[in-house]
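Participant: My questions all concern the structure below.
The values are calculated or read from the model by the stated rules, or taken from the named source; none is laboratory data. For clarity, every value in this text was computed on a predicted model and none was experimentally measured. As a convention, Cβ positions derive from the backbone with ideal geometry for all residues, glycine included, and neighbour counts pool all protein chains shown.
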C-alpha cells in the first residue's frame, strides 16, 4: 500500500544573517508513514525536527529531496497547484494560543479552511467541535476565553475540517499542563481510530511518545540516527544517543535507580560540517573511526541505526554465528 | 461585545478637529466676501473686547485692515488641505510599499528599505526649498512635496507588522489549508496594518500642519494674497508688540489642530492595542510598584 507520506533524502539549509555561513537544519532525511500509523520523531531542541515537520506539510521549501503525499510528488508542484491538494496534510502547532487568530471566534477559526477552499457548509462546525470533545456553545467564544487544552482542541478541529489523511503534530502537547496532555493525546488517539488518520508526531519527550507511537525515529543534528518499532526503540535502544535520551526520562518509582548516562557537553553547532559521526563529540563509546567516517545506516534486528558501534549488534552477530 | 462608555479621549479631539475643518471650509463663505477686503482705515484694529475695536471684526484686523476671523479661517483651508492631503498620500504610499517589502521580502524588501534609509538622510526642508523655487508652490505641489516627506514612517510601520503577522502560526496554518497570498493579506494582514496606519496618519497630520506652517512662514508656501496660517504669522511678526492678535489666532489654530491630531492618534493607538483583545500580563507592569 502506498504510504500516506513519503519523504526521501530531504535536505534544508538556511543562510545565516550577514553571510556567516549556512546552517544545516535537515540533512538527508527519509521516512514514510502508513495509513493509521503514528510515526514519532524525537530529538532535542534545534535538531531540525520542526523544520522537517514544516517541510512534510509543504510549508517550508526543500533544498533537495522529495515529498510524496499518498504517492503524489508534491515537492515539485507550483504554488498554485499545491494549494489545491493541501487538504491531504494539515499541521497542528505547539502553541495553540499562537495558532489561533485573536480576532476570530472559534467558529470562524474552524470554518476558515473550508472558507479558503470554497467548501463552506460542507461540514458543520458543531460536528467538528463534537469530534474534538467541545460543546457547540464554544463556537461563539474567542480564543482568549478558552483554556490551553480547549484551544488545542479547536486547533485540531480546524485541522480536521478539510478531512486530511495526515496530521503533522508539532509538539502538540508540550505547551499544555501535564494533566491536560493526556487528555489531548487520548483525543488524538480516538480521532486516529475513527478516521484512520496517519500522524507524524514531533516531540522532544520520549515519555510522551512511547505510549502513542507505532514507530519512532530519533533525530540528531538534522539526521535520523535510529528508527524502528516504538517498543524496540524504547526497550532496547541501539544508538548511544537514544540510550541517553531514554536515560534522561525521570524514574517514576521512588527507590528505582536508573544508571544515568550523562550527557557529554552540547551538540556541535549545526553550522559546521563534521567529517565523522555528528554525535562522536558527546559519545562515551566513540572511537577513532567515529571521528573520521560518517556512519552509514545499517539494520540491526528490526531497527535501522546510524552508528559504528550500535549496542546489541555484537550479540545479534554472536547469535547468528 | 459590551457597549463601552463614550470614550472622550477619542471623541473630544475628533470633535474639535471636525469643528476646525467645518469652520475653515464653510466659515469664510458664511462671513461674506468683505472679510478679505482691505480697509486701510481699519488697520491693526484690536479684538472686540479691547478699546478701539471695529464693528464686525470680532478678532481684530491685520496690517491691511482685513478681518482676522475670516483670514484665519481661510488660512486654515490651505494648512488643512496640505496637512490632511499629504498625510493621506504618505500613508497610502507607505501602506503599499510596506506591504510589498514585508510580504515579498528579499530583493523588494532590500530595495525599498534602502531607498527609505537614504531618503531620511536628505535634509528635507532644503530639498523642499529647492523644489518650490523650481516648480512653484501651489497646493498640489505642497501636498506632493510633503507626501514625499512623510512616507517613510508608515512604510516602516507597515513592513514591521506585515513581517510579524505573516510568520504567525495562524497565518501559516491558513496557508497550509491552501490560502492564496491575496486571502492572507486581506483576511489577516490588513486588519492589523490598517488601524496602525490610522494612528500614523493622525500623528502625520499634526506634524505636516506644523511643517506647512514653517514653509509658509519662510515664504515657501502658497503665495499671498491667499492666506495660510504660516504666512499670516509671518506677515504679523513685525507688529507683534503692538498687534499680537495677528499672530495669535493662526498660531492658536495650529496648536489646537496639532494637539487634537496627536491626541486622536494616542487614543486610536490605545483603542487599537486593547481592541486586539490580547492583554499581555507579562508586560503589564504596575507602574506604582515598578517604575
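Participant: I'd like the full set of residues that are in a loop (DSSP other than H, G, I, E, B) and either under 14 Å from residue B:202 (Cβ atoms) or touching a residue at least 40 places away in the same chain (Cβ under 8 Å) (or both), limited to the range B:4-22.
Facilitator: Of everything in the range B:4-22, just one residue is in a loop (DSSP other than H, G, I, E, B) and either under 14 Å from residue B:202 (Cβ atoms) or touching a residue at least 40 places away in the same chain (Cβ under 8 Å) (or both), namely B:7.
Participant: Condition first: under 17 Å from residue A:180 (Cα atoms) and surrounded by 21 or more Cβ atoms within 10 Å (Cβ to Cβ). Now tell me which residues in the range A:196-212 satisfy that.
Facilitator: Hits for the range A:196-212 are A:203, A:208, A:209.
Participant: Residue check: is residue B:48 exposed (fewer than 15 other Cβ atoms within 10 Å of the Cβ), modelled with pLDDT under 80 and either at negative phi or in a loop (DSSP other than H, G, I, E, B) (or both)?
Facilitator: When the stated conditions are applied, residue B:48 passes them.
Participant: Could you give every pair whose Cβ atoms fall below 7 Å, whose first residue belongs to the range A:73-84 and is at negative phi and away from chain B (no Cβ under 13 Å), and whose second residue is assigned to a loop (DSSP other than H, G, I, E, B) and surrounded by 15 or more Cβ atoms within 10 Å (Cβ to Cβ), counting only separations of at least 6 or pairs across chains?
Facilitator: Close Cβ pairs (under 7 Å, with a partner that is assigned to a loop (DSSP other than H, G, I, E, B) and surrounded by 15 or more Cβ atoms within 10 Å (Cβ to Cβ)) amount to A:75/A:62.
Participant: Name the single residue, out of those in the range A:86-114 being at the interface with another protein chain (Cβ under 9 Å from one of its Cβ atoms) and more than 21 Å from the chain's Cα centre (by Cα), that is nearest to residue A:155 (Cα to Cα).
Facilitator: Restricting to residues being at the interface with another protein chain (Cβ under 9 Å from one of its Cβ atoms) and more than 21 Å from the chain's Cα centre (by Cα), the top hit is A:109.
Participant: Which is assigned to a helix (DSSP H, G or I) and within 14 Å of another protein chain (Cβ to nearest Cβ), of B:210, B:172, B:199?
Facilitator: Exactly one residue qualifies, and that residue is B:172.
Participant: Still on this model: Of the numbered conditions (1) at pLDDT below 85; (2) away from chain A (no Cβ under 14 Å), residue B:273 satisfies every one except a single condition; which is it?
Facilitator: Evaluating residue B:273 over (1) at pLDDT below 85; (2) away from chain A (no Cβ under 14 Å) leaves (2) as the failure.
Participant: Quick test of your reading of the structure: residue A:136 fulfils all but one of (1) under 22 Å from residue B:186 (Cβ atoms); (2) touching a helix residue (DSSP H, G or I) at 6+ places or on another chain (Cβ under 6 Å). Name the failing condition by number.
Facilitator: Condition not satisfied by residue A:136: (1).
Participant: A further question follows. Within the range B:90-112, is even one residue farther than 30 Å from residue B:180 by Cα and under 17 Å from the mean Cα position of the chain (by Cα)?
Facilitator: Checked the range B:90-112: no residue is farther than 30 Å from residue B:180 by Cα and under 17 Å from the mean Cα position of the chain (by Cα).
Okay, residues lined up against (1) modelled with pLDDT under 85; (2) part of a loop (DSSP other than H, G, I, E, B); (3) touching a strand residue (DSSP E or B) at 6+ places or on another chain (Cβ under 7 Å); (4) more than 17 Å from residue A:90 (Cα to Cα):
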{"position": "A:173", "(1), (2), (3), (4)": "no, yes, no, no"}
{"position": "A:182", "(1), (2), (3), (4)": "no, no, no, yes"}
{"position": "A:187", "(1), (2), (3), (4)": "no, no, no, no"}
{"position": "A:190", "(1), (2), (3), (4)": "no, no, no, yes"}
{"position": "A:199", "(1), (2), (3), (4)": "no, no, yes, no"}
{"position": "A:202", "(1), (2), (3), (4)": "no, no, yes, no"}
{"position": "A:207", "(1), (2), (3), (4)": "yes, no, no, yes"}
{"position": "A:211", "(1), (2), (3), (4)": "yes, no, no, yes"}
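Participant: I need a count of the residues in the range B:143-169 that are within 13 Å of another protein chain (Cβ to nearest Cβ), touching a residue at least 12 places away in the same chain (Cβ under 8 Å) and in a helix (DSSP H, G or I).
Facilitator: 2
Participant: Something else: Any chance you could count how many residues in the range A:124-170 are in a loop (DSSP other than H, G, I, E, B) and touching a residue at least 40 places away in the same chain (Cβ under 8 Å)?
Facilitator: Within the range A:124-170, residues that are in a loop (DSSP other than H, G, I, E, B) and touching a residue at least 40 places away in the same chain (Cβ under 8 Å) number 9.
Participant: Hey, another quick one. In the set B:128, B:111, which member is away from chain A (no Cβ under 14 Å) and exposed (fewer than 15 other Cβ atoms within 10 Å of the Cβ)?
Facilitator: B:111
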